[in-house]
Each structure stands twice: as C-alpha cells, then as structure tokens.
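These notes are about the structure you will find just below.
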Amino acid sequence: MADMPLKGALKDEQLAVLEGGFGVLCDGETIKEVGLFANLLDRNKSENLEVIELEGVVALPGFIDSHTHICFAGSRARDYAMRNAGKTYLEMAEQGGGIWYTVTLTRLASQSELETGIKTRADRHLAEGVTTIEVKSGYGLSLSEELKMLRAIKQSNAEHQADFIPTCLAAHMLPKDFEGSKTEYLAMMAKELFPKLKEEGLANRIDIFVESSAFSPEEGKVYLEEAKALGFELTVHADQFTVGGSALAVEVGAVSADHLEASTEEEIQILAKSETIATALPGASLGLGCPFTPARKLLDAGGSLAIASDWNPGSAPMGDLLMQAAVLGTIQKLTNAEVLAGITYRAAAALSLKDRGTLQAGMLADLAIFPCSDYKEILYQQGKLKPSMVIKRGLKVN
Ligand code: NIG
Ligand code: FE
C-alpha cells in the first residue's frame, strides 16, 4: 500500500505488489526494511535475528477499524428481531428502545465489566487482522458514566495487544434523564467533560451524532467549535438517515464524516472537495437493512474513502470488518485497491495516524498474513479467509 494517493479512485495496477521471495525486517515495534528475503537475511546475519519463514502467503498492513462502539453492555437481539418484523430504527428509538436501552445497561455495568467486553471483542478483531481499533464512548451520557466508559477504554488499551483509539461520543443523543434542552446538554458536556478528557488523557477526539433523533447541525456546530478551540480532533456521525452532518463536518474541519448512507450528489461534492475522509459503515447497512454509502460516487468525485465496522449492539452487531468491506466492494463496485486502502492507510488518515497503514520502513510492524498466494483471494473469499498469522508491533498474536 506504499505511496498511494489519499484521495480518489484507485486501480488495482496502482498496488505495489511485491511478488516472490520478499520479506519484512522488523526492529522492535517498527518495520526497518521491506525487501528480498534472501538479501535481508544476508545483510543481517550477524544480528540477533528471529526468522519466520512463510511460503504461499500474502502479508498486508494490519487493518484499521476507524469507527466502533465496542464499549457497551447487553444485547439488542430483541431490537433486531422487531426491526426485521417491520419497525424502523428511528421508530424504535422514538419508542424508547434503541440507543437508550444500551445506555441503561451500560450504566449498570461496572468499569471492569466494560473492560472485559471491550477486550473480548478486540480479541476477535485482532485475530481477524484488525490491529488498530477506534472505540467510542456514548452509552454513558452523563459526566460520570461517560468518564467510566472512557476510563474502561484507556485501561483496556493498556492491557490489550491491539491499539485502541478513544473517541468521546457524549453527544450520541439527549439522555432521557437530562433536565434541559439539547443545547444545554451539549454546553454542559463541553464545559465539564472536555477539560476532564484532557486532564486524564482519555480522548483527543470528539464525535457527535447529527440526526433528527439526536442533534441538529446548528447544535452540533457550537459544540464542535468549542471542542476544536480546545484542540480536539473532530468526527461526525453524518447523513445516516437525513443530510446535514457531512456539510457540518467539512465546515468545522472534521477529520472524518462517517455513515453517509443518505448523502446525495450535493454532499458527495462537498466531501470530495474537502480534506474530510468519508467513512462508509457497511455493517450498519447490513444490520439495519438500509442502503449502502455511495462509495463509488465519492471516490469518482475525488473523495477519500475509509471503511469501518461501526461495531455496536444496535445497528451493526456483526463486527466483521473484512467481510463488510468485501461486501461493500461487491455492491458498490470498488476495486481491491479501494477496499484495501479503506481499511488500511485511508483508515489511518481518518484517525490522523501517520505511523501505520502501509508496509514501509518506519511504519509500525502491524501485519495481517493470509494463507493464499494471490492477494485477490482475500476479498474474493468475502471475509471467510481469515489471517493465518497476525503481527502487532512486531510481536506475533496468539
Ligand atoms: O453508528 N448512529 C448512531 N450510532 C450508532 C448506533 C448506536 C446504537 O444503535 O447503539 C451507529 O450506527
Ligand atoms: Fe457509529
């Protein structure tokens, strides 16, 4: 994935596929060199070298899931069944189900129970080649409960081999027990929670759900500008059911705008002209039975496209990034290069991470290694071909 453009459509011919006898030389956590295996061995003979020799495999940069909600308690299997029996996501949210149900159960869970949930889900992700996982709060929705979630994410990061990138989503919806308006809720979070995030090193990223059931673009603008003034990076749940979020994301200079299932030609143009990374969440389309993000159009218009799982108990319970990315590719007619870029270096850009996403000297030694000799097998098998080995920061994952 080295030296590929951040924006626009990609052809498979643009992939720098190194075929036949190549190796990756790692030094501690980072890649020192990518080159011919025999040469690497030869030149490093005297070193204290651990050699892993594999044949008939494809090594890719470890996958990056730039949007998840894997910190939660409970299941929404009942919601899923009801939705498939005819109720819409918004109808269920309006009737007191949806996100609020998970908030109730997450508030009842202890910090350590949340940590167990995060680490269990991350175990599966890591085994499937996902070496970096963004994790949002957003099921606490009070000062103390949002802090509990973000502390659980921070503690899990210290204990788990995968890297977790925390994001504060206190603006997921107006909690039913807050006495005041949406504007007052957001102002309270900005005033009270933002300084705590800095103090405790809990998150550098602020997210908001811009939607009729959550917050308007006008409410979001004030909140995000406050976050920006304090030096936070911004991201937006945008255009999932109705538009408005993506234009706001671009206006405030958000690093990414995620969802975009409802984006029209106008939003596609706004995003494509901006530096904001468009992020498709095919897991939410599959979970809700909704349209997919217009990924083909976004790329053809010159935009950048990341693909993330949105793993959460409500709209995206599956949590299989590779399967979802492969399916998005089939439905939206994306090349192998576009899909793989979306879960590697373009996803890294959606998290402002410059040290991962490609296999190049100086990058983190994060690798997903698949048991096939042609890289095209990986998406062809639509997520059923799992890595035979995963390396995270230079260490084998068991
Ligand atoms: O990204 N859209 C808002 N938030 C999540 C869903 C969270 C939930 O339903 O619990 C999403 O799809
Ligand atoms: Fe989400």
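The values are calculated or read from the model by the stated rules, or taken from the named source; none is laboratory data. Keep in mind it's a predicted model, so treat the numbers as computed, not measured. Cβ sites come from the backbone with ideal geometry, for glycine too, and all protein chains shown count toward neighbours. In case anyone asks, the SASA skips ligands and DNA or RNA and just uses the protein heavy atoms, side chains included. Shrake-Rupley method; radii C 1.70, N 1.55, O 1.52, S 1.80 Å.
Between Lys176 and Asp123, the FRET efficiency from the beta-carbon distance, with R0 = 35 Å, is close to 0.60. Ranking Leu41, Ile70, Ile277 by how far each Cα lies toward the positive end of the dipole of the chain (charges on Cβ) leaves Ile70 at the top. Estimated at 0.36 nm per residue, the fully extended path between Glu275 and Leu230 surpasses their Cα-Cα distance by 14.1 nm. Could you tell me which residue out of Asn336, Leu230, Gly303 lies farthest along the dipole of region 63-350 toward its positive end? Charges go on the beta carbon: Lys and Arg +1, Asp and Glu -1, centred on the Cα centre. Positive-end residue among those listed: Asn336. With a Förster radius of 51 Å applied to the C-beta separation of Glu47 and Thr330, the computed FRET efficiency comes to 0.70. The value given for the chain is a Kirkwood hydrodynamic radius of 21.3 Å, derived from the mean inverse Cα-Cα separation. Across the chain, where is the longest run that never hits chymotrypsin sites (Phe, Trp or Tyr not before Pro) in a DSSP loop with at most 16 other C-beta atoms within 10 Å? Longest gap between qualifying sites, sites excluded: 1-177. Across the chain, the longest piece that holds none of the GluC sites (Glu not before Pro) lying in DSSP loops with up to 11 other C-beta atoms within 10 Å covers 180-398.
For the chain, build the charge dipole from Cβ charges (+1 Lys, Arg; -1 Asp, Glu) around the Cα centre, then report which of Val243, Ile31, Leu108 sits farthest towards its positive end. Checked the options; the winner is Leu108. Cβ under 15 Å from Glu218's Cβ, Glu218 left aside: what net charge do those residues give with Lys, Arg +1 and Asp, Glu -1? Neighbourhood net charge equals -4. Seen against the Cα atoms of the chain and their longest principal axis, helix 143-159 is set at about 10 degrees.
Normalised per residue, the accessible area of the chain is 41 Å², obtained with a 1.4 Å probe and no contribution from ligands, DNA or RNA. Axis angle, to the nearest 10 degrees, between helix 321-332 and the longest C-alpha principal axis of the chain: 80 degrees.
Compared with the alpha-carbon gap, the fully stretched path from Asp374 to Ala38 is longer by 118.9 nm at 0.36 nm per residue. Rounded to 0.05, the FRET efficiency of the Met82 and Glu113 pair, given R0 = 22 Å and the Cβ-Cβ distance, is 0.25. What angle do you read, to the nearest 10 degrees and between 0 and 90, between the alpha-carbon axis of helix 217-229 and the longest principal axis of the chain? Relative to the chain, helix 217-229 is tipped by roughly 60 degrees. Straight-line reach from Lys119: taking Cα to Cα under 22 Å and skipping same-chain neighbours fewer than 8 places apart, the lysines in range are Lys136, Lys148, Lys154, Lys386, Lys392, Lys396. For the pair region 71-138 / region 214-232, the C-alpha centres are spaced 25 Å from each other. Taken about its Cα centre, the chain carries a charge dipole of roughly 480 debye when the Cβ of each Lys and Arg holds +1 and the Cβ of each Asp and Glu holds -1.
Helix content alone sets the calculated 222 nm mean residue ellipticity of the chain: runs of n ≥ 4 DSSP H residues at -39500 (n - 2.57) each, divided across all residues, give -10500 deg cm²/dmol.
Let me check I have the definition right: for region 92-216, take the eigenvalues of the Cα gyration tensor, multiply each by 5, take square roots. What are those semi-axes in whole Å, largest first?
25, 17, 13
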